[in-house]
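Reading through the C-alpha cells given below for one structure.
The values are calculated or read from the model by the stated rules, or taken from the named source; none is laboratory data. Here the structure is a predicted model, which means the values were calculated and not measured. All Cβ positions, glycine included, derive from the backbone under ideal geometry; neighbour counts span all protein chains shown.
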Amino acid sequence: MLNLLSAGSNAQGQLGNSTIDDSHTFRACSFAGSLPETLPPSVTNVIDVTNGSNHTLALLEVMIDGKKSTEVWGCGDGRKGQLGPIYKRRHTDQGSTTIFQNLAFADAFDKLGLGGYTITTIGTTWETSYLALQKLGKRDLIVSFGSNDFGDLGVGKDSGDKTVEKGLGIHVVNFSHIAVGGKSIRSAQSVTVEKLRTGQRHAIASLQVVWAGKEPMQILVGWGAFRHGQLGTVPPSSKPFLTSTISKSSPTTPLEPTYHSRPTLIMSLAAPSDFVTEYSLGIHHSVFLHASGHVSFRGSNRKNQTQGLDACRNICDIKCTWNGSYMLTKDNPPHVLSTGSNSHGQLGRAEDSSSWKVEVPIDEDSKAIRTLACGSEHSLVCVVNEQGDDEVWGWGWNEHGNLGVGHTLDAPAPLKMWPPAQLPENIEPHPVRNVWAGTGSSWILCGNTDGTVEKTTSM
C-alpha cells in the first residue's frame, strides 16, 4: 500500500492530515472519499507535491477502468482561489480544508475550451497555483489561478486589477508575444512545456519550441517578482510589459518596476549540448544546470546563494532553498554541495568551511544519495543503506517540526528523519518512492501499490 506522509507547518490544514496543528512527526495524509490516512484506491503513484504559504497540491497518477490518467488534489487555504474555482466557491466561509480534495478541473476546462487536456505538471508560488496541460495535436499550455500580488498569474494584469477575479478564475498564461531571432512563439509549429519551476513569488517555464523546418529550441520564460534580477536583466524592449508601482507619498512618481505581470524571455538555447536539464528558484535567485555540466544563475548574491556556482562542474541535480543553492554531484558515491544563508543551519555544514560538502553520514562503500529536495530553508536527501533499504536524512530550519523528528530545534548537521524508531501504525517504511520539501513542510511517499515491500536500488 502507498502512503503519503507529511510533517511541519499546518496552520490552514496544508499537511492534509485532518488537523490544523503543526506536526512534529510524520503522519499519513487523508484523501476525501477514502479511508482515513490512505490514498484513493485508484492511485498508482504520487507524481509531485508542491505547496505555497498555506496550500498544497498533489499530482496523482490514477488507474480507472484500465486507463491511466492524472488528477490534482489539494488541501489547505483556498480563499484566494489557489485551490481552483470549485473549492473557492464552496469553502470561502470555511477558509480551509484539512484533507486532500479532488480539485476536479474537468468542468472548468470544458467551459474554457480546454476539454481533453491532461495535467502533466503542477506548481505553486505563495498563494498562486499552476498546471501544465497537454493534448495530442495541440500546443502545451500553462494555466494559473489564485493571487496576483506580484503578477504571479502571468496574465499581463496589475496586482490590483479586479478583472483577473472575474469568470472562473483560471487563466491561460500566454507566451505568443515572446520572440527569438525575429521568430515569435505565435508562429511556432509546436510548443512543449518541458518543466515548470516556482519560487516564492516568481515562476519559470522551460519550453521546447519548434518552427517549421528548424531544429527544436529551448526557451526559458518567467514572470512574477524580478526586482533582484531573479528573472534576468530587463531589456528595453520588455518595458511595455512591466508593471510599475506608484508611490503613495508622491502619486505622480512611478517607482522602478518590481515584477513582470506576463512572461518575459530569460534565455534561449539552440544547442542541445547546452540545454538546461534542471533548474530551481529561491526567493531572490534562480539557478540553472546545463547539459554541458556547468551552472548558470540569475539574481541576488546577498546571502552568498550564487557565490561560486559558475565554477561548479560534475553536477547531476540542483535545488534552491529561499536563500541557498544545493547541488548533487555525479561522484561515486554522490554528495551534496551547499552555499548561501546559514541562519538556521540550512547549509548542513560549518559556514566557514573550505569545503562545500554536506556531511551526510553515509558509508561510502555501501550507501548512495539518490534524491535531493529543498524546501523554504531545509533540505532532505534519500539514501540507500548497506541493507539496501531507504533512509531519509535532513537538516536546516525546523521551527514547525518540518524535519519530522519529534522536536522543533534547527538541525545544523544532517540527521535521520525516516524511518523513525517508532513507526506509525499500518505504514510500510520501504521503499521510499520520493521525497519533497515545501514551505516549512516535508513529504515522503513510501510503500507499494500491491502491499509488498521491495528493495530500492540507487538511481
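Taking the conditions exactly as written (modelled with pLDDT of 95 or more and under 18 Å from the mean Cα position of the chain (by Cα)), does Leu114 satisfy them or not? Judged against the criteria, Leu114 is not a match.
If the condition is being in contact with an Asp or Glu (Cβ under 9 Å, 6 or more places away or on another chain), in a loop (DSSP other than H, G, I, E, B) and modelled with pLDDT of 90 or more, then segment 430-454 contributes Pro431, Gly440.
Each row is one residue, and each column tells you yes or no for (1) in a loop (DSSP other than H, G, I, E, B); (2) polar (S, T, N, Q).
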residue: Phe297; (1), (2): no, no
residue: Asn301; (1), (2): yes, yes
residue: Gly348; (1), (2): yes, no
residue: Glu351; (1), (2): yes, no
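Yes/no per residue for (1) hydrophobic (A, V, I, L, M, F, W, C); (2) within 16 Å of Ile315 (Cβ to Cβ):
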site	(1), (2)
Ser338	no, yes
Ser341	no, no
His344	no, no
Leu347	yes, no
Ala350	yes, no
Ser353	no, no
Lys357	no, yes
Cys374	yes, yes
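Per-residue answers, yes or no, for (1) among the acidic types (Asp, Glu); (2) at negative phi; (3) touching a residue at least 40 places away in the same chain (Cβ under 8 Å):
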site	(1), (2), (3)
Val276	no, yes, yes
Ser292	no, yes, no
Ser296	no, yes, no
Gly299	no, no, yes
Cys316	no, yes, no
Asn323	no, yes, yes
Pro334	no, yes, no
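Looking across segment 322-344, the residues that are small (Gly, Ala, Ser), closer than 21 Å to Arg298 by Cα and either in contact with a helix residue (DSSP H, G or I) (Cβ under 9 Å, 6 or more places away or on another chain) or outside any strand (DSSP E or B) (or both) come down to Ser325, Ser341.
Annotation note: Cβ proximity below 9 Å between a residue of segment 421-449 that is closer than 22 Å to Thr56 by Cα and a residue that is of a type in the set (Asp, Glu) and not in a loop (DSSP other than H, G, I, E, B) (sequence gap 6+ or interchain) occurs for Val432/Asp390; Val432/Glu391; Arg433/Asp390; Asn434/Asp48; Trp436/Asp48; Cys446/Asp390. Checked against (1) farther than 28 Å from Ile20 by Cβ; (2) of a type outside the set (Phe, Trp, Tyr); (3) in a strand (DSSP E or B), Met417 meets all criteria but (1). When you look at Lys319, is it buried (at least 20 other Cβ atoms within 10 Å of the Cβ) and part of a loop (DSSP other than H, G, I, E, B), yes or no? No, not satisfied. Which members of segment 45-79 meet the condition of being touching a helix residue (DSSP H, G or I) at 6+ places or on another chain (Cβ under 8 Å) and either in contact (Cβ under 8 Å) with a residue 60 or more places away in the chain or among the charged types (D, E, K, R) (or both)? Of everything in segment 45-79, just one residue is touching a helix residue (DSSP H, G or I) at 6+ places or on another chain (Cβ under 8 Å) and either in contact (Cβ under 8 Å) with a residue 60 or more places away in the chain or among the charged types (D, E, K, R) (or both), namely Arg79. Exactly one residue out of Arg186, Arg139 is among the basic types (Lys, Arg) and crowded, with 17+ Cβ neighbours inside 10 Å, and it is Arg139. Being in a loop (DSSP other than H, G, I, E, B) and touching a strand residue (DSSP E or B) at 6+ places or on another chain (Cβ under 6 Å) is the filter; apply it to segment 122-138 and report the residue that is nearest to Glu61 (Cα to Cα). Per the stated criteria, the residue is Thr125.
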